[in-house]
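> Got a structure for you, written out below as structure tokens; questions coming shortly.
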Amino acid sequence: MTSYLNTAINAAREAGDLQKRRYCTDFMINHKGETDLVTEVDLASEELIVKSIRANHPGHDILAEENDYAALCSGFTWIIDPLDGTTNYAHGIPWFCVSIALEIENVVTVGVIYHPMMEQLFTVIRGEGAFLNGERLGVSSRSPLRQSLLATGFPYDRAVDQDNNFDHFFKFQLGARAVRRFGAAALDLAYVATGRLDGFWESKLKPWDLAAGVLLVEEAGGTVTGYAGEPYDIRDGRILASNGRIHAEMLETLNDRATYSLLRNSEN
Ligand code: IPD
Ligand code: CA
Ligand code: CA
């Protein structure tokens, strides 16, 4: 497993270094949707990462955000978000990362998240713990929810689909100490693993946003489930990750049937 981890580390560092060099320079920005951006640096990062992984493991499969790759049915799939936090990157906000995981026979086994601007390298191997720059990580022991700091995000189609997280955001803002929206889901998960954040939830995420971060939280002693408390599957975009201690309260909030508009009406 260590050699797979080293492959992921080298690829993440190469892409992260490129992102740092090109940060706040005049790179091309295109639209994938009305609010969903992709920069020249996202594409160049993916190219670097795929090239670097293929140099070591030419027979492995690749699942990455910006391109489709022919299926090789190898049982080994590298799951890659070349630049998580593209909107931040495009606006010159230094909060973004590279996320790379290796799934072996459908089990995420190795993960790396690299935050180049802070030189934070998060690494994890299933069963061997989670680390930040070589220091072992553990989730926080904070509870209850009222004293907890959470993070979340909102989908790109939030203006046209009511499944946009606004209700849940409203309820958690009332129920927790505070909720942050940093703009890079992989880093939100990595920060739950460090114990700095106590919980994170979001819907409509993709396997590349989640794979490495979920393993980091689990190996740091946290709990990761779907919104109904079911075992987590990275191909289900609805995720709840926490320090474990506030998980039941967070599930209760996610499944509370009162809606944001009802709460507002009841105040009128
Ligand atoms: C996005 C970020 C953001 C989350 C979005 C993701 P991208 O990824 O992780 O925090 O709220 O849903 O799509 O597009 O920057 O790779
Ligand atoms: Ca992403
Ligand atoms: Ca991305």
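The values are calculated or read from the model by the stated rules, or taken from the named source; none is laboratory data. The shown structure was predicted, so the numbers you read here are calculated from the model rather than taken from an experiment. Neighbour counts run over all protein chains shown; Cβ positions are idealised from the backbone, glycine included.
> Given the condition closer than 13 Å to Gly16 by Cβ, in contact (Cβ under 8 Å) with a residue 24 or more places away in the chain and within 17 Å of the chain's Cα centre (by Cα), answer yes or no: does some residue in the range 134-141 qualify?
Among the residues of the range 134-141, not one is closer than 13 Å to Gly16 by Cβ, in contact (Cβ under 8 Å) with a residue 24 or more places away in the chain and within 17 Å of the chain's Cα centre (by Cα), which makes the answer no.
> If you don't mind, there's one more thing I want to ask. More than 27 Å from Val108 (Cα to Cα) and surrounded by 22 or more Cβ atoms within 10 Å (Cβ to Cβ): is that true of Leu145 in this structure?
Numbers: more than 27 Å from Val108 (Cα to Cα): yes; surrounded by 22 or more Cβ atoms within 10 Å (Cβ to Cβ): yes.
When the stated conditions are applied, Leu145 passes them.
> Which of the residues belonging to the range 196-237 are part of a helix (DSSP H, G or I) and not aromatic (Phe, Trp, Tyr)?
Of everything in the range 196-237, those that are part of a helix (DSSP H, G or I) and not aromatic (Phe, Trp, Tyr) turn out to be Pro207, Asp209, Leu210, Ala211, Ala212, Gly213, Val214, Leu215, Leu216, Val217, Glu218, Glu219.
> Quick one: Arg180 ticks every box in (1) away from ligand 1 (no atom under 16 Å from the Cβ); (2) within 17 Å of the chain's Cα centre (by Cα); (3) surrounded by fewer than 17 Cβ atoms within 10 Å (Cβ to Cβ) except a single one, so which number is it?
(1)
> Let me ask something else about it. Taking Gly138, is it more than 16 Å from ligand 2 (Cβ to nearest atom), assigned to a loop (DSSP other than H, G, I, E, B) and not basic (Lys, Arg)? Spell out the reasoning first.
On the way: more than 16 Å from ligand 2 (Cβ to nearest atom): yes; assigned to a loop (DSSP other than H, G, I, E, B): yes; not basic (Lys, Arg): yes.
Spelling it out, Gly138 is indeed more than 16 Å from ligand 2 (Cβ to nearest atom), assigned to a loop (DSSP other than H, G, I, E, B) and not basic (Lys, Arg).
> How do the pairs read when you match residues in the range 75-89 that are closer than 10 Å to Trp208 by Cα with residues anywhere that are of a type in the set (Gly, Ala, Ser) and near ligand 1 (Cβ under 6 Å from one of its atoms), using Cβ under 7 Å and keeping only pairs 6 or more apart or on different chains?
If the second residue must be of a type in the set (Gly, Ala, Ser) and near ligand 1 (Cβ under 6 Å from one of its atoms), the pairs left are Asp84/Ala184; Asp84/Ala185.
> Taking the conditions exactly as written (in a strand (DSSP E or B) and either among the aliphatic types (A, V, I, L, M) or modelled with pLDDT under 95 (or both)), does Leu240 satisfy them or not?
Yes, satisfied.
> All but one of (1) in contact with a strand residue (DSSP E or B) (Cβ under 7 Å, 6 or more places away or on another chain); (2) without any contact (Cβ under 8 Å) to a residue 60 or more places away in the chain; (3) hydrophobic (A, V, I, L, M, F, W, C) hold for Ala184; state the number of the condition that does not hold.
The failed condition is (2).
> Please enumerate the residues belonging to the range 172-195 that are in a helix (DSSP H, G or I) and modelled with pLDDT of 95 or more.
Once the filter is applied, which keeps residues that are in a helix (DSSP H, G or I) and modelled with pLDDT of 95 or more, the range 172-195 yields Phe172, Ala185, Ala186, Leu187, Asp188, Leu189, Ala190, Tyr191, Val192, Ala193, Thr194.
> Something else now. Would you point out which residue out of Phe131, Phe169, Phe122 is part of a strand (DSSP E or B) and free of Cβ contacts under 8 Å to residues at least 24 places away in the same chain?
Phe131 is the lone residue from the list that is part of a strand (DSSP E or B) and free of Cβ contacts under 8 Å to residues at least 24 places away in the same chain.
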